[in-house]
1. Which residues in the range 13-28 place their backbone N less than 20 Å from a point set 7 Å from the Cα of residue 142 along the Cα-to-Cβ direction?
2. Taking 22 Å as R0, compute the FRET efficiency from the Cβ-Cβ separation of residue 73 and residue 193 and round it to 0.05.
3. Given charges of +1 on the Cβ of Lys and Arg and -1 on the Cβ of Asp and Glu, with all other atoms neutral, how large is the dipole of the chain about its Cα centre, in debye to the nearest 20?
4. Please give the contour-minus-distance gain from residue 126 to residue 20: 0.36 nm per residue of separation, less the Cα-Cα distance, rounded to one decimal in nm.
5. Please find the FRET efficiency linking residue 170 to residue 107, where r is the Cβ-Cβ separation and R0 is fixed at 25 Å, and quote it to the nearest 0.05.
6. Taking neighbour Cβ counts within 10 Å as the exposure measure, how do 145, 185 sort from fewest upward?
7. Take every Cα-Cα pair in the chain and report what % of them are more than 32 Å apart.
8. Give me the Å³ per residue figure for the convex hull around the C-alpha atoms of the range 112-198.
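Bear in mind that the values in this text are calculations on the coordinates, not laboratory data. Small disclaimer: the values here were computed from a predicted structure and weren't measured. Backbone-built Cβ (ideal geometry, glycine too); neighbour counts: all protein chains shown.
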Amino acid sequence: MSSISLVAKSKLPTPWGTFTLVGFQETGTGKDHAALVMGDITTDEPVLGRIHSECLTGDALFSLRCDCGFQLQAAMQNIAKAGCGVLLYVRQEGRGIGLLNKIRAYHLQDQGADTVEANVALGFAADMRDYTICADMLKALEVKSLRLMTNNPRKLKAMESFGIPVAERVPLQEGRNPHNEFYLSTKANKLDHLFKKT
Ligand SMILES: [Zn+2]
C-alpha cells in the first residue's frame, strides 16, 4: 500500500516557468507534501529530479546557514531549462526533526557544535528523514527513473532501494558562503555529501 495519496493538482506560475503543483497527503500522519512537475515525466527516459526537504529558514527566510534555498532555486531553474522534470517538496524540516528542534540545534551550533553533534545532543539521529514517502510520490507521478540533482549519496541508495533507479547523479553546488562553510564541510565529512573540492 502506498504511504501517500495524491489529493489535488493546479498550475503554478513561477519566475522560471509554469509548473504543475501536485498536493499529497501522507496516509499515516496526515502531513501534506508537494511536487512541482514540468513536461511529461512518465517517459521511459530518466527524468531530471530533485528531492527537496523543506527548510523554512533557507527556502523562505533567505538563511545563509545552509544551502537549501539556493539549491531549491537552482533545481527549479534546471527543470525549467530542460522543459521537463520533477521536484518533490518534502515537509521534513531540519533533516526530519522539525522547525523548533532545528532552531534549538542552531542555538547549540551558535555555541560551537556542528550540525550532527547538535542533533545528537537533542536526542535525534543525524538524519531522521523517511524516503519511503518520496519514492511513493514518484510512483504516484509515474516516474520510472531519475537523473537526480543531489550531493547526498544516501538519497541515491534510498531511491534505488525503493524501486526508483537513478541513472545519473547531477551535482548541485550553489549557495556556498562564509556562514555555511562549516555546515557544508560537516555534511561532507560526517554525512558523506559529495562536494567539488574548491
Ligand atoms: Zn536549509
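1. The answer is 19-25.
2. Result of the calculation: an efficiency of 0.70.
3. 200 debye
4. Between residue 126 and residue 20, full extension yields 34.9 nm more.
5. Given R0 = 25 Å and the Cβ-Cβ separation, E is 0.15.
6. 185, 145
7. In whole percent, the long-distance tail amounts to 13.
8. Dividing the Cα hull volume of the range 112-198 by its residue count gives 111 Å³.
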